[in-house]
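All remarks here apply to the structure that follows.
We did not get these values from a lab; they are worked out from the coordinates using the rules stated. Just so you know, these numbers come straight off a predicted model, no measurement behind them. Backbone-built Cβ (ideal geometry, glycine too); neighbour counts: all protein chains shown.
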Amino acid sequence: MHELDREKSIHSPGLYAVWNAKPFLLENAIKMQKLRERKEYDYVFWNDAGSFREDNVYTDWPDGERVQRIWEEGSRATGTSQEELIFFPMYWKPPADAKGWTEGAGPVDSDISEGSFFGGTPKAVTWFSRTLYSYHDYYISLGFFAGKDQNLYNAVIFLFPSRFITVWHGDPDSPAQGGMPPNALMRGRLGACGPEWYYYQWWLSDKHSREEMRKYWMEHDREPSEAKWWKIRRIPCRMALLRGMEDVLKSTFGNDWTPPARTIGLRPTRMW
């Protein structure tokens, strides 16, 4: 598989194993909690250990009340029950040439979904894990590179878009992008929000933490002397909208886009 990776100079088979183990580890944690401690959580999430690299004030994260509101809103937006929804942050717009993508075309090689954080109810995570590994095995059987988690996640999202909700920092349809002054100083398009890739951390936190991080970024996102010299304004971080992935794909590809046909059974051939 390593020879099929277009980025093989910076990736290793061991890294593929770590990437592709995430859904298994999360599903297994659900089982172990239920078996050993008789606990079953309302929502469970995978979070990359290295994602909290910058200073922050987050404590009880993600905020439970906020998560519940997001899933309620996501269910209304998608028509999918809360217990079947999976959340993935988005980083980049789906490429235009992916409009005609089909199940047999292999993983979607683009930075659309972010593999650093995802989750939902135990039922949804179990479904996602088994679906993901079914397609992992399927693509290996067809000779495709299946070592990068995000590419596999993208494929499953394209095939089952109504089951996924997201937040997209760069969402061009977000009202939060409106009215930005031309001289605004910011890393991203929604103001001083820290690294774009980890915008979802702020978005999933409680109101108090969001306000504290707004203040922090207004002071630290760039050097004050730089802003003063160039007379550049800082804009406090703004809230993006929750989106259903099917809505995102239709707004990108056109309302005539429909999910590709699905033909394989959702039963992984390997024991993970």
### Query
Working out 0.36 nm times the residue gap between I264 and F45, then minus their Cα-Cα distance, what length gain in nm do you get to one decimal?
76.2 nm
## Note on the structure
Result: in the chain the number of Lys pairs with C-alpha under 26 Å apart, spaced 8 or more or on different chains, is 23
### Query
With all pairs of different alpha carbon atoms counted, what Kirkwood hydrodynamic radius in Å does the range 1-72 show?
15.5 Å
### Task
Arrange W197, W202 by Cβ neighbour counts within 10 Å, fewest through most, would you?
W197, W202
#### Entry: Cα pair count fraction exceeding 28 Å, expressed as % - the chain
39 percent
### Query
Quick one: Debye curve from the C-alpha atoms of the range 4-152, no solvent, what's log10 I(q)/I(0) at q = 0.12, 0.15 Å⁻¹?
-0.60, -0.93
### Rg in Å to one decimal, and Dmax rounded to a whole Å, for the range 41-109 via C-alpha atoms
16.2, 44
